[in-house]
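**Q** Got a structure here, written out as structure tokens. Questions coming.
The values are calculated or read from the model by the stated rules, or taken from the named source; none is laboratory data. Fair warning: this is a prediction, and the values are worked out from it, not measured in the lab. Because the Cβ atoms are built from the backbone with ideal geometry, glycine has one as well, and the counts that use them run over all protein chains shown. When the accessible area is computed, the model is the full protein with side chains, heavy atoms only, and any ligands, DNA or RNA have been set aside. Shrake-Rupley method; radii C 1.70, N 1.55, O 1.52, S 1.80 Å.
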Amino acid sequence: MASILKWYRNYSQTYPIRINLVQTGFLFGLGDLMAQGIVEKRKPNEIDWLRTVRYASIGCAVGPSLSMWYRTLDRFGTRNTVPIVAKKILVDQLIASPIVNGAVMIMSRVFSGDEWPQIQKKLESNYTTVMLNSYLIWPAVQTFNFTIVPQQYRVLTVQIVSLAWNTYLSFMSVGGGTSK
């Protein structure tokens, strides 16, 4: 186990974009499998593997952008002072969160073959609920992330929490979840 952690530490510093691409793609795909199996209660022979590959592909696009996003946020400073951490969280939640959640929802519907009217209807019915739930979870996660986690592990930390979030997001965007 120690050798795996050493390998990860080395490669996440040397190749952060590649590592984040692979780990985010993998965890997005796993989140979709969890949405299908646990939330939608599909049997193993009913799993839509193409949907999982599509969702993993979205993760491959998101991972590198998150890596660059955290570097951008570090321009506010790298010390763990309340003003610096507060700025990072505020900017992250007001800029990145709406864009990433919306982009994931749109891309998942585009990859499913939907036309814009269908995508728009899904967004109108679910986007506000997704964002409200996002604001219940992510500010606390990002507080932990920006105060304790070293920069090279921030995407991984977010993606570990995102396993549950991706399950929810997959269900809300492609699985049939609708806001009540």
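**Q** Anything in the stretch 118-133 that is among the basic types (K, R) and more than 15 Å from S170 (Cβ to Cβ)? List them, or say none.
**A** We begin by selecting, within the stretch 118-133, every residue among the basic types (K, R); these are 121-122.
Selection gives K121 alone.
**Q** Here are some residues: V155, V104, V110, V141. Which one is in contact with a Ser or Thr (Cβ under 6 Å, 6 or more places away or on another chain) and β-branched (V, I, T)?
**A** Details: V104 fails: in contact with a Ser or Thr (Cβ under 6 Å, 6 or more places away or on another chain); V110 fails: in contact with a Ser or Thr (Cβ under 6 Å, 6 or more places away or on another chain); V141 fails: in contact with a Ser or Thr (Cβ under 6 Å, 6 or more places away or on another chain).
Only one candidate passes the filter, namely V155.
**Q** Let me ask another. Do any residues in the stretch 158-170 that are surrounded by 24 or more Cβ atoms within 10 Å (Cβ to Cβ) have Cβ atoms under 6 Å from those of residues that are among the acidic types (D, E) and part of a helix (DSSP H, G or I), where the two are at least six apart or on different chains, and which pairs are they?
**A** Short answer, once both residue conditions are applied: S170/D32.
**Q** In contact with a helix residue (DSSP H, G or I) (Cβ under 7 Å, 6 or more places away or on another chain), within 18 Å of R51 (Cα to Cα) and not in a helix (DSSP H, G or I) - does that describe any residue in the stretch 96-114?
**A** Yes, the stretch 96-114 contains a residue that is in contact with a helix residue (DSSP H, G or I) (Cβ under 7 Å, 6 or more places away or on another chain), within 18 Å of R51 (Cα to Cα) and not in a helix (DSSP H, G or I).
**Q** Among the residues in the stretch 26-36, are any over 19 Å from I160 (Cβ atoms) and either open to solvent by less than 20 Å² (accessible area, probe 1.4 Å) or part of a helix (DSSP H, G or I) (or both)? Walk me through how you get there before you give the answer.
**A** Residues of the stretch 26-36 that are over 19 Å from I160 (Cβ atoms), as a first pass: 36.
Next, only the ones that are either open to solvent by less than 20 Å² (accessible area, probe 1.4 Å) or part of a helix (DSSP H, G or I) (or both) stay: 36.
Among the residues of the stretch 26-36, at least one is over 19 Å from I160 (Cβ atoms) and either open to solvent by less than 20 Å² (accessible area, probe 1.4 Å) or part of a helix (DSSP H, G or I) (or both), which makes the answer yes.
**Q** Would you confirm whether or not the stretch 133-154 contains a residue that is part of a loop (DSSP other than H, G, I, E, B), free of Cβ contacts under 8 Å to residues at least 40 places away in the same chain and not aliphatic (A, V, I, L, M)? Give the derivation first.
**A** Of the residues in the stretch 133-154, the ones part of a loop (DSSP other than H, G, I, E, B) are 149-150.
Narrowing the set further to residues that are free of Cβ contacts under 8 Å to residues at least 40 places away in the same chain leaves 149-150.
Narrowing the set further to residues that are not aliphatic (A, V, I, L, M) leaves 150.
Yes, the stretch 133-154 contains a residue that is part of a loop (DSSP other than H, G, I, E, B), free of Cβ contacts under 8 Å to residues at least 40 places away in the same chain and not aliphatic (A, V, I, L, M).
**Q** Let me ask something additional. Kindly indicate which of I4, I19, I58, I47 is hydrophobic (A, V, I, L, M, F, W, C) and open to solvent by 100 Å² or more (accessible area, probe 1.4 Å). Quick ask: steps written out before the conclusion?
**A** On the way: I19 fails: open to solvent by 100 Å² or more (accessible area, probe 1.4 Å); I58 fails: open to solvent by 100 Å² or more (accessible area, probe 1.4 Å); I47 fails: open to solvent by 100 Å² or more (accessible area, probe 1.4 Å).
After applying the criteria, what remains is I4.
**Q** Something else: Within the stretch 110-128, can you find the residues that are under 24 Å from A56 (Cβ atoms), open to solvent by less than 90 Å² (accessible area, probe 1.4 Å) and not hydrophobic (A, V, I, L, M, F, W, C)?
**A** If the condition is that a residue be under 24 Å from A56 (Cβ atoms), open to solvent by less than 90 Å² (accessible area, probe 1.4 Å) and not hydrophobic (A, V, I, L, M, F, W, C), then S112, G113, D114, K122, N126, Y127 are the ones that fit.
**Q** I would also like to ask the following. I'd like the full set of residues that are surrounded by 15 or more Cβ atoms within 10 Å (Cβ to Cβ) and among the small types (G, A, S), limited to the stretch 64-91.
**A** S65, S67
**Q** Oh, and also: Would you confirm whether or not the stretch 161-178 contains a residue that is in a helix (DSSP H, G or I), modelled with pLDDT under 95 and more than 18 Å from Y55 (Cβ to Cβ)?
**A** Within the stretch 161-178, none of the residues are in a helix (DSSP H, G or I), modelled with pLDDT under 95 and more than 18 Å from Y55 (Cβ to Cβ).
**Q** Okay, next question. Test R54 against the criterion of being under 16 Å from Q151 (Cβ atoms) and of a type in the set (D, E, K, R), and give yes or no. Spell out the reasoning first.
**A** On the way: under 16 Å from Q151 (Cβ atoms): no; of a type in the set (D, E, K, R): yes.
When the stated conditions are applied, R54 does not pass them.
**Q** Let me ask something additional. Taking only the stretch 48-67 into account, find how many residues are more than 18 Å from L163 (Cβ to Cβ), touching a residue at least 12 places away in the same chain (Cβ under 8 Å) and among the aliphatic types (A, V, I, L, M).
**A** Of the residues in the stretch 48-67, 0 are more than 18 Å from L163 (Cβ to Cβ), touching a residue at least 12 places away in the same chain (Cβ under 8 Å) and among the aliphatic types (A, V, I, L, M).
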